[in-house]
1. Would you pick out the residues in segment 363-388 that are assigned to a helix (DSSP H, G or I), more than 6 Å from the ligand (Cβ to nearest atom) and farther than 22 Å from GLU67 by Cα?
2. Residue check: is ALA339 under 17 Å from the mean Cα position of the chain (by Cα) and modelled with pLDDT of 95 or more?
3. Tell me yes or no: at least one residue of segment 352-362 is of a type in the set (Gly, Ala, Ser), more than 16 Å from the ligand (Cβ to nearest atom) and touching a Pro at 6+ places or on another chain (Cβ under 6 Å).
4. Pick out the one residue from LEU241, LEU236, LEU308, LEU227 that is of a type in the set (A, V, I, L, M), farther than 21 Å from PRO119 by Cβ and within 15 Å of the ligand (Cβ to nearest atom).
5. Condition check: farther than 18 Å from LEU42 by Cβ and modelled with pLDDT of 95 or more. Does ASP350 satisfy that?
6. Kindly indicate the residue of segment 335-351 that is more than 11 Å from the ligand (Cβ to nearest atom) and open to solvent by 40 Å² or more (accessible area, probe 1.4 Å) and also nearest to ASP36 (Cα to Cα) among those meeting that condition.
7. Just one of ALA365, ALA323, ALA389, ALA376 is among the small types (Gly, Ala, Ser) and touching an Asp or Glu at 6+ places or on another chain (Cβ under 8 Å); which is it?
8. In segment 46-55, is there at least one residue being open to solvent by 20 Å² or more (accessible area, probe 1.4 Å) and in a helix (DSSP H, G or I)?
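The values are calculated or read from the model by the stated rules, or taken from the named source; none is laboratory data. Note that the structure is predicted; figures quoted are calculated from it, not measured. Note: ideal-geometry Cβ built from the backbone for every residue, glycine included; neighbour counts use all protein chains shown. Note: accessible area is taken over every heavy atom of the protein model, side chains too, but ligands, DNA and RNA are not part of it. Shrake-Rupley method; radii C 1.70, N 1.55, O 1.52, S 1.80 Å.
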Amino acid sequence: MTTSPHHGPHHASHASHHGPVVHDWAVASLPGTDFDPVPHRLLHEEPVARVRLPYGEGHAWLVTRYEDVRLIGADPRMSRALTVGRPLPSTTPHTLAPAGGVGRADPPDHTRLRRLIAPTFGRRRIAALRAHTERRAETLALDLLETGPPTDIAESYVGPLSAAVVAELLGVPAADLDRVQDWRAGILSHDTTADAGEAVKREIAGYFADLARHRAAHPADDLISELAAARAAGELSTPELVSMAVMLTLNGLDAVRNIVSTMVYVLLTHPEQTAELRAELRAEMSTELGSEPCTEPGRLSGAVDELLRYIPQRNGVGMPRIATADIEVGGVTVRAGEAVHVFYPAANRDPAVFTDPDRLDLTRAEAPHLAFGHGAHYCAGAQLARMEAEVMLGTLLRRFPGLALAAPPEHIAWRTGTVNRGPETLPVTW
Ligand code: HEM
């Protein structure tokens, strides 16, 4: 091997006779919407870099630029199935995504699994669920108005609403939600050991296997019943059914609760932009004579997308992909067999795509953000999550004209050691 003429931090991606430079990414839990400095620096200095993560063995590539992240996400030569059983660099001591789940499948299994849930999460079904979600949000808002301020809006409004929606869609009995919430906390934590993580996963798997058995005998109008019927028809296996139910429940409970609560925080810490948004919503409503409020979200859906772009929704990275061939990305050759992580929040701050990317601009109309991923593994719940965010924020803005944080922003407690970032509690007043 010839010695590279370049050494030192400015040429960190060059191989030298000491071997390639590998960056340590310790993945600290950050408050508010603070952006993790490691991926932020790599986005600007070394957009395809080798990183070591807190758990797992060896290093992986970390891809941070918008175009590069899209390229990796859409490349069929990047495999998820090949991650199964390998101690890959990871943010958590246990693997979050179960083997047999959509997140770790390649075609044709991946295509088959996504097709099974497509009707449930498609535009038509979600539009039908919107009116129901609006009524629920309205009732909760009126209860809060009656009780009076202050309240922890994450636990009294966003959390219960997101739990009710996913429970309804899947068919998880409301009485079981507390138990599911405890499992959620155990799985989606960086501090849960590998053994404890596996134990929780076994318990939750047993729960959904039982529920599916019950629905096979007594079908209802929900996704678990549909999956049970598909299993009876030989279209998916029991482990696949269980993985699907677990993944959908955990995402539905955790991702939406955390990100929508953070959206409320961001709106309340950007009062001028929020006042403009509220005024435009009022104008839109007054022209919507006779129609249900919020059915035509217009300006609000643009604001929700900007919030999704702006909010760094997770600590660290999830599941890597494994290259099945040598792949060129951002001027680097990823070799067959190597692991590649993409970091969607960094791609959402790429200055080549977004003007002044670290600034919130609720009227921004630029490229689509990558908060829901890109390519075959694009978030199955994206339409659902958007609808929930629009309904929850729309109802809050309409019903609580004086909504404000009930504590200084720097006193808000943020979850630490969790996969999804969000406020521990979000005290508000009005
Ligand atoms: C605002 C909230 C949410 C955000 C930001 C979000 C984001 C994401 C991202 C980034 C991915 C992974 C892309 C990849 O693997 O490269 C993903 C996958 C997924 N999400 Fe979401 N998600 C949210 C809510 C939901 C909800 C509510 C559900 C369902 C109830 C859901 C179900 C899924 C599923 C099933 C996958 C795996 C898709 C696959 O691998 O084919 N997500 N999500």
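1. First, the residues of segment 363-388 that are assigned to a helix (DSSP H, G or I): 382-388.
Then drop every residue that is not more than 6 Å from the ligand (Cβ to nearest atom), which leaves 382-383, 386-388.
Hits for segment 363-388 are GLN383, ARG386, MET387, GLU388.
2. Values: under 17 Å from the mean Cα position of the chain (by Cα): no; modelled with pLDDT of 95 or more: yes.
So ALA339 does not fit the description; no.
3. Residues of segment 352-362 that are of a type in the set (Gly, Ala, Ser), as a first pass: 352.
Narrowing the set further to residues that are more than 16 Å from the ligand (Cβ to nearest atom) leaves 352.
Keeping just the survivors that are touching a Pro at 6+ places or on another chain (Cβ under 6 Å) gives none.
Within segment 352-362, none of the residues are of a type in the set (Gly, Ala, Ser), more than 16 Å from the ligand (Cβ to nearest atom) and touching a Pro at 6+ places or on another chain (Cβ under 6 Å).
4. Values: LEU241 fails: farther than 21 Å from PRO119 by Cβ; LEU236 fails: farther than 21 Å from PRO119 by Cβ; LEU227 fails: farther than 21 Å from PRO119 by Cβ.
Just one listed residue meets the conditions, LEU308.
5. No.
6. Filtering first and then ranking leaves PRO351.
7. Numbers: ALA365 fails: touching an Asp or Glu at 6+ places or on another chain (Cβ under 8 Å); ALA389 fails: touching an Asp or Glu at 6+ places or on another chain (Cβ under 8 Å); ALA376 fails: touching an Asp or Glu at 6+ places or on another chain (Cβ under 8 Å).
It is ALA323.
8. No: segment 46-55 contains no residue that is open to solvent by 20 Å² or more (accessible area, probe 1.4 Å) and in a helix (DSSP H, G or I).
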